Amino acid sequence: MAKFAAKPGEWDCDACYVRNSADKTMCAACNTPKPAAAKPTSMPSTFKFGTQQPQATADTKVGL
Ligand SMILES: [Zn+2]
């Protein structure tokens, strides 16, 4: 898949695999946002995933 000589910054669309130039923030074909642009390098602290365990009750004692 990386056979083509890609210029630095070029990116392939996740949806249609069209190669877009580095200055594009959206796919030229399907307007899918650039994958790298959607992910900030610094993850905000408000990002909570898997911290809530609604199924966990006091039935089983978890911890040390
Ligand atoms: Zn696309």
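Matching residues to (1) hydrophobic (A, V, I, L, M, F, W, C); (2) modelled with pLDDT of 65 or more; (3) surrounded by 11 or more Cβ atoms within 10 Å (Cβ to Cβ):
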{"residue": "Trp11", "(1), (2), (3)": "yes, yes, yes"}
{"residue": "Met26", "(1), (2), (3)": "yes, yes, yes"}
{"residue": "Phe49", "(1), (2), (3)": "yes, yes, no"}
{"residue": "Gln53", "(1), (2), (3)": "no, no, no"}
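Scan Ala37, Ala58, Ala2 and give me the residue that is at pLDDT below 70, more than 10 Å from the ligand (Cβ to nearest atom), of a type outside the set (Val, Ile, Thr) and not in a loop (DSSP other than H, G, I, E, B). Result of the check over Ala37, Ala58, Ala2: Ala37.
The values are calculated or read from the model by the stated rules, or taken from the named source; none is laboratory data. On a predicted model such as this, the values are computed, not experimentally measured, just so you know. So basically every Cβ, Gly included, is an ideal-geometry build from the backbone, and we count neighbours across all protein chains shown.
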